[in-house]
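See structure below.
Read-outs throughout are calculated quantities, based only on the coordinates presented, and are distinct from any laboratory measurement. Fair warning: this is a prediction, and the values are worked out from it, not measured in the lab. Neighbour counts run over all protein chains shown; Cβ positions are idealised from the backbone, glycine included.
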Amino acid sequence: MKKEQVVNCQFSVWYPIFRIHTIKSDHNTQQTHTNNSNSDAEEDIQWSDDEATATVTAPEFPEFTSKVLEAINALGGHVFPKLNWSAPRDANWIALNSSLQCHSLSDIFLLFKSSDFITHDLTQPFLQCTDQDSPDPVITYELVLRKWSELIPGGEFRCFVKENKLIAISQRDYTQFYQHILMQDGQICQAIQDFFSQHIQYNFLDEDFVFDIYRDSQGRVWLIDLNPFGEVTDSLLFSWEELTSGGEITQHQESPAFRYTKSEVTVQPSPCLSYRIPRDFVDLSTGEDAYKLIDFLKLRKSQQEESDEEDEDDMPQRHGSSET
Ligand SMILES: Nc1ncnc2c1ncn2[C@@H]1O[C@H](COP(=O)(O)OP(=O)(O)O)[C@@H](O)[C@H]1O
Ligand SMILES: [Mg+2]
């Protein structure tokens, strides 16, 4: 996998090509500071005499904030957030709704700051590329907001394309058994092949790539994401060795290899479970990461206030009913 393949799989590169086949989205590219110096942040910290405490002024970005809020509104009020490549899938446990559904900028910040996947995008997007000697391409970071869509995990599939040929399809939520996939495997495989040959094949910038699709309850196929063809992308029910080796899957097969979980027996724990007691818990409980703690407490507080307001609204009714 080359650095250029990773560059091509950025949201802002593939979205304009496949816009009509995917979920409505907004991507906000900002000229951000790419140097890693912390000087600005440090100036905002006023160390007090007591070395254990510091007054921290969190930076504010009013223009950016209003742009994001506008986009959230335009997308119906609930969004699914991503960076150039990744969503913070490993951080949903920290959100108050245990979901990646966001309504505000602070929802997005909390998820992003708690996600190792987002950190990967920010710090080492070219980690597993084979052309390490070439200079890293310049990346402009983009906040991607997608209209929230209730996707049923059993409708999600990952498709592997090598030399512009669809060679393999895997159930994406492979730790679960879905009866409907077993019942309709031929139909599903055909629908994906048709979608590929009509809309995807030869339209992308690379001839090797991985695309994710969703087949909705009406049988319509949607593009969800594009990913580099290589180890950074989870090969799910295949192995990268199989997908690249020129063995059974890549050779003499007319239709793609289709793999899905065929019975309850093989059901395994969700792969993201291992992210659930990560650093963030430690950071929050020890106060190690002040910003993260502040975000968390702010959210808690605003939720508390909301529910207090609701309680107040209920008051007259409650008084009138049982108390006396
Ligand atoms: N617009 C959306 N609304 C709700 N859930 C979504 C949306 N897009 C994706 N998802 C869910 O999030 C998962 C990850 O999304 P994806 O864009 O593939 O991110 P990543 O590349 O980080 O895995 C998908 O498998 C799907 O279940
Ligand atoms: Mg992806």
Sorted on mean Cβ neighbours within 10 Å (highest first), peptides 210-222, 133-145, 82-94 come out as 82-94, 210-222, 133-145
With label points built 7 Å along Cα→Cβ from the Cα atoms of Arg89 and Met183, find their separation and express it in nm. 2.6
Segment Ser98-Ser263, extension gain: residue separation times 0.36 nm, minus the distance between their alpha carbons: 56.6 nm
Approximate spin-label separation Glu63-Ser106, in nm, with each point projected 7 Å along Cα-to-Cβ: 2.5
Which lysines have a Cα lying under 17 Å from the Cα of Lys113, excluding residues fewer than 8 positions away in the same chain? Lys82, Lys292, Lys298
Potential lengthening between Gln303 and Ser270 on full extension [0.36 nm per residue; Cα-Cα distance subtracted]: 9.0 nm
When only C-alpha pairs under 8 Å and at least 6 residues apart count, what is the relative contact order of the range 151-267, in percent? 37
Between Ile294 and Ala74, Cβ-based FRET efficiency (R0 30 Å, step 0.05) works out to 0.55
Based on the mean of other Cβ atoms within 10 Å per residue, sort peptides 66-79, 223-236 so the most packed one is first. 223-236, 66-79
Name the long-range amide H neighbours of Ile224: under 5 Å, sequence gap of 5 or more, or other chain; modelled H, no Pro or chain starts. Asp212, Ile213, Tyr214
I want the antiparallel fraction of DSSP beta bridges within the range 115-267, as a percent rounded to 5. 85
Counting pairwise Cα distances across the range 151-267, what percent come out greater than 18 angstrom? 47
